[in-house]
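Novice: Sharing a structure, written as structure tokens. Questions coming.
The values are calculated or read from the model by the stated rules, or taken from the named source; none is laboratory data. Just so it is clear, the structure is predicted and the values come from calculations on it, not from any experiment. Here the Cβ positions follow ideal geometry from the backbone for every residue, glycine too, while neighbour counts run over all protein chains shown.
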Amino acid sequence: MYQDAISFQVHKMATDAGIRWAAECVREFQSPERKKGKDEPLEAADRWGCNRRTTRRGGKANDAASRSKNGGPSDLVALAVFFSGGSITPPGAPETTPPPYTAQKMIAGSIVVAVCEPRAGESDGALIDGALAMGKALDRPGRG
């Protein structure tokens, strides 16, 4: 029922808090080898988190996910940014809003994938409990 717990928590919290949660989980649970490399989709999500009032909203995060070769959970975080609001069409095209709850689905997926990457000496349950605790901490009032 861990996936259900993660999905419930994501749908309960604000989208931007969910994206921060997903980004923290990706950083926390990724392998040491992956931590050493550049993670353009995750960096794009971080930049969006600092400046959510940009013209293309999550367009740059989507571009970073499209160029990414790793296919990991950080790509899903970047896609969550893209689907978090505003138009999902290119500049100059008629505006189209993302389908409802797409960002939340991407956030939940990124957390599940991040937790499923094996780490020596830790059980899946312990990792998921840690991820859920991170989400609960970000969902507190005043953390926005």
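Novice: Pull out all pairs, ordered by first then second residue, where Cβ-Cβ is under 6 Å, the residues are six or more apart or on different chains, the first lies in the stretch 67-80 and is over 16 Å from E33 (Cα atoms), and the second is surrounded by 24 or more Cβ atoms within 10 Å (Cβ to Cβ) and of a type in the set (D, E, K, R).
Specialist: As it stands, the answer is S68/D75, since those pairs meet every condition given.
Novice: Turning to a different aspect of this structure: I'm told I111 meets every condition in (1) modelled with pLDDT under 90; (2) closer than 23 Å to M1 by Cα; (3) not charged (D, E, K, R) except one. Can you identify the failing condition by its number?
Specialist: So I111 meets the others, but not (1).
Novice: Here are the criteria: (1) assigned to a helix (DSSP H, G or I); (2) among the small types (G, A, S); (3) modelled with pLDDT of 85 or more. Tell me which single one G92 does not satisfy.
Specialist: That leaves (1) as the condition not met.
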